[in-house]
Structures are given as C-alpha cells and as structure tokens.
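Step one of this worksheet: look at the structure below.
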Amino acid sequence: MSNTPTLTVNPHGSPAVMDSAAPLLELESVTAFYGDLQALFGITLHVKPGEIVTLIGSNGAGKTTLLRVVSGMKNPAAGVLRFSGADVRRVPAHEMVKRGISHVPEGRQVFPFLTVRENLSLGAYIPRARAALKRSLEEQLALFPRLYERMNQLAGTLSGGQRKLLDLVRALMAEPRILLLDEPMAGVSPALRVELLRHILELRDRDRITLLIVEHDLDFVMAASDRVVVMNNGRVIADGTPGQVRSDERVLDAYLGARRAAA
Ligand SMILES: Nc1ncnc2c1ncn2[C@@H]1O[C@H](COP(=O)(O)OP(=O)(O)OP(=O)(O)O)[C@@H](O)[C@H]1O
Ligand SMILES: [Mg+2]
C-alpha cells in the first residue's frame, strides 16, 4: 500500500457519466456454477457508459467468474445479461468481442515468441478492427511509448509490467466499448502502476471506454473507481463510491477486517 503514494482517491468521478444514462451493461439475478459448485448467487449489477467500476472481494468471491460471464466465456445458469440493451446471455465470447466487449484475463497472456507488433496485430482479428489496424497501431503507438520502443522485440523479453501494458493495448486493438480487466496491477512495479492508472483514466475520459475492473490493490481501486462493487461468497455485499464503500461496516468486516485489525 505505502509504495504507491501518488495514487489518491478519485474525488470527482467520471465527467462522462450521466446519472440518467441507460446502463451499457446489466446483470439481474445472475447465477453461475462450476459443476455442482455455485460460484455466483443472484448478482445484480449495472454499469453505465463512461464509468469505471471496480470489483473487489476476498479470494474465491466470484470476481473472475463474473467477468467470464460478462465476456461470454462462461454461461450463466440463470438471470438476465444485457449489453447495450440486447440480451446476450447465450452469445459466445468471440461474438461478444465483435459487439464491443474485450476481456483481459488474469495473468500474462502474451505470445512470448512473437514480437510486440505481432502480438498487437493478433488483437485486431475481428473484421472491423482489422480494417482499422494500421490506424489503430499508429494511434496506440503514440500513446504507449514504452511499447513503441519495443515494437520489434519478442514479447517474452518484456518485464511483467510491460507485458501488462501489451495485454491492455492488445485488447484495445479490438476497439471495445467496454473493457474488462482482471487484476491489471498484479506484478506491476510502483512506477508502472502510476502510468497504468493514467492510461486507464485516459481510456475513460478521452476514448469514452467503459471499464469493469477486478483488482486487489486498494490504492488503485480508490484512485481509479467511479464506483466500487464489493463481492463476498458469490454475492454483491456493497456498491457505492470509493468513499462510501471504504466506510461501510459490512465491507470492513468482510473484506478489510484483517487489514483493519492490523492497523
Ligand atoms: N475452473 C473452475 N472450476 C471449478 N471451480 C472454480 C473454477 N474457477 C473458479 N472456481 C471456484 O469458483 C469460486 C469463485 O472463483 P473466482 O475465481 O471467480 O473467484 P475470484 O473472486 O476471482 O478469486 P481471486 O481473488 O482468488 O482471483 C471459487 O470457489 C473457486 O474455487
Ligand atoms: Mg480472480
């Protein structure tokens, strides 16, 4: 926590979010199972266009499962899943990408024996993005100088943080409307964390991309989020601004208890 002092609570939230806007993403009473094991118990969650919503919660809370349901990698057992007003409950993952949902899963996903440029080209595999590949690559290059310097380098030679940047930019090559990031700060150095946070805020403010992010790093969560959703045992137990969630007794008990006891 103390090694990222430049991340501060987001005081204003997104300038792009309108309270009256229809949700871009809607989940109502969504359940999901792995065999007999129920991972999600009636999740209701709305994300508005232009919002950064972060999901926090202890290990096994169901955060990754929720992202997988949203991106079509996992079918919900019951409930409503709508994207941009359309029912997408049975839409497969590759079709979700075409509709504007890009998902960066946990861990490092780069192809180590391909160059940075080749990795980025693979991110633009859908027809709409393929047509715009040259423009997108050039636009992205201008915005991510750390990758530009390494375009012809094998991705396997990048540092952990640089691979995270590559994961992010590759997902952007599909020109998403909503970007799902699973633990983007894991394994990232303090210096690159600040840079990654800046990029994420720019995606919202400049590119009008909506973000749904799972993250354990509370400094990042407090600095980046318009809204924080807290999960525990497959359920949403709190949903509010960073300030509201931080002072919510249920959150403190369920999630921050150990941290609070240690303070
Ligand atoms: N592929 C799988 N097969 C069986 N059970 C799974 C699978 N993936 C997750 N689970 C179980 O589903 C529940 C929710 O897991 P999930 O990975 O969604 O949690 P999480 O909140 O992302 O946790 P973490 O913070 O550790 O990443 C857990 O009980 C987990 O053990
Ligand atoms: Mg997870």
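The values are calculated or read from the model by the stated rules, or taken from the named source; none is laboratory data. Quantities reported herein were computed from a predicted structural model and do not represent experimental measurements. Neighbour counts are summed over all protein chains in view; Cβ atoms, including those assigned to glycine, are modelled from backbone coordinates with ideal geometry.
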query = When residues of the range 34-56 are filtered for being within 16 Å of ligand 1 (Cβ to nearest atom) and either more than 26 Å from residue 206 (Cβ to Cβ) or surrounded by 22 or more Cβ atoms within 10 Å (Cβ to Cβ) (or both), how many remain?
reply = 13
message = Among the residues that make up the range 48-63, is at least one of them closer than 22 Å to residue 235 by Cβ and part of a helix (DSSP H, G or I)?
response = yes
task = Please work out which residue is surrounded by the fewest Cβ atoms within 10 Å (Cβ to Cβ), limiting yourself to the range 57-108 and to residues that are within 16 Å of ligand 2 (Cβ to nearest atom) and of a type in the set (Ser, Thr, Tyr).
result = 58
message = I'd like to check something: does the range 163-182 contain any residue that is away from ligand 1 (no atom under 16 Å from the Cβ), more than 25 Å from residue 50 (Cβ to Cβ) and more than 17 Å from the chain's Cα centre (by Cα)?
response = no
inquiry  = Tell me yes or no: at least one residue of the range 213-227 is of a type in the set (Asp, Glu), surrounded by 21 or more Cβ atoms within 10 Å (Cβ to Cβ) and within 16 Å of ligand 1 (Cβ to nearest atom).
reply    = yes
note = Note on residue 238: of the conditions (1) at pLDDT 90 or above; (2) among the small types (Gly, Ala, Ser); (3) more than 23 Å from residue 69 (Cα to Cα), unmet is (3)
message = It is to be established whether one or more residues within the range 160-169 are surrounded by fewer than 24 Cβ atoms within 10 Å (Cβ to Cβ) and assigned to a loop (DSSP other than H, G, I, E, B).
response = no
query = Are any of the residues in the range 68-79 at pLDDT below 95 and part of a strand (DSSP E or B)?
reply = no
inquiry  = If I go through the range 171-198 residue by residue, how many of them are surrounded by 24 or more Cβ atoms within 10 Å (Cβ to Cβ) and not in a loop (DSSP other than H, G, I, E, B)?
reply    = 5
query = If you go through the range 205-220 one residue at a time, do you hit one that is assigned to a helix (DSSP H, G or I) and within 15 Å of the chain's Cα centre (by Cα)?
reply = yes
